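Data block below; observations after.
The values are calculated or read from the model by the stated rules, or taken from the named source; none is laboratory data. These numbers were taken from a predicted model, which means no experiment stands behind them. Reconstructed Cβ throughout: ideal geometry from the backbone, glycine too, with neighbour counts over all protein chains shown. Ligands, DNA and RNA are stripped out before the accessible areas are found, and what is left, the full protein with its side chains, is counted by its heavy atoms. Shrake-Rupley method; radii C 1.70, N 1.55, O 1.52, S 1.80 Å.
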Amino acid sequence: MNVLNKFGMLILTASLLAACGDSSNKGSSDKPAEQVAQSESSPANKYEKALSEFPEADPKLAEPIVISDKKSPDGLAELQKFNNFITGEEAQKIGRIGQELQQLARQNKEAETIEQIKKLTAALEQFHQSAAAIDIKDPEIKAVLDRTVQVNSTINEFMIYGSKYASELTIDSKDKEAVKFAKDFQDKSQKLQETLRTANQELQKAAEALSKKYAQ
């Protein structure tokens, strides 16, 4: 077994898992901690810095979005506007880039994966700018839109974090400090994945509740 593993693919795989919100899809981030450790060229303070910059998800992202039975006068039109936005050209572009990103990561093409992450972060930033320009007054629909942007912003931060450290650190299996780093990183990744997965579930529930309310 090759004891040297690039930190980059570890973190990029975790980024993809977080983006998908699927902890059952195990990747290289789930390798046992004893298989990863610090190389001579990566001092412990680099690991400490990497962990200190890990993007923490706001726990509020996983909170339910309450949808009442009361309809607003412009609710149906604004819901259609929201649906058109999240299924529109910009959203479809993000989906295409994300699919290509997952394929590259699975093929362990690190350089290409990092470049694809840059494309994805740029697309997400444009998506967020467009979302800010949408005039939605219904508080419930606005809450779903805002939460969508917040979740995607967290994913974007994790992608940027991953691409930043992908090439800086290498790891092998003989350093206790790096073994601890690997465990701490996996714990943080798991927590982020769980928060994003729950956030996506709550978004889906709220969107379905809105659709049901205005379909009646």
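Residue count for region 112-152 satisfying the condition of being within 23 Å of Gln80 (Cβ to Cβ) and in contact with a Lys or Arg (Cβ under 6 Å, 6 or more places away or on another chain): 1.
Tally up the residues in region 45-80 that are outside any loop (DSSP other than H, G, I, E, B) and either at pLDDT below 90 or surrounded by 17 or more Cβ atoms within 10 Å (Cβ to Cβ) (or both), please. Residues that pass the stated criteria total 12.
The residues in region 85-94 that are in a helix (DSSP H, G or I) and surrounded by 12 or more Cβ atoms within 10 Å (Cβ to Cβ) can be counted, and the count is 6. Tallying residues that are part of a helix (DSSP H, G or I) and either open to solvent by less than 20 Å² (accessible area, probe 1.4 Å) or modelled with pLDDT under 85 (or both) within region 105-115 yields 6.
Residue-wise test of (1) open to solvent by 30 Å² or more (accessible area, probe 1.4 Å); (2) outside any helix (DSSP H, G or I); (3) polar (S, T, N, Q).
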residue	(1), (2), (3)
Ile117	no, no, no
Glu125	yes, no, no
Ser130	no, no, yes
Lys137	yes, yes, no
Val144	no, no, no
Thr148	no, no, yes
Val151	no, no, no
Glu157	yes, no, no
Tyr161	no, no, no
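When region 67-124 is limited to residues that are of a type in the set (Val, Ile, Thr) and touching a residue at least 24 places away in the same chain (Cβ under 8 Å), the one that is nearest to Ala209 (Cα to Cα) turns out to be Ile67.
Could you pull out the residue among Glu202, Glu208 that is open to solvent by 60 Å² or more (accessible area, probe 1.4 Å), closer than 30 Å to Asp69 by Cβ, of a type in the set (D, E, K, R) and assigned to a helix (DSSP H, G or I)?
Numbers: Glu202 fails: open to solvent by 60 Å² or more (accessible area, probe 1.4 Å).
Exactly one residue qualifies, and that residue is Glu208.
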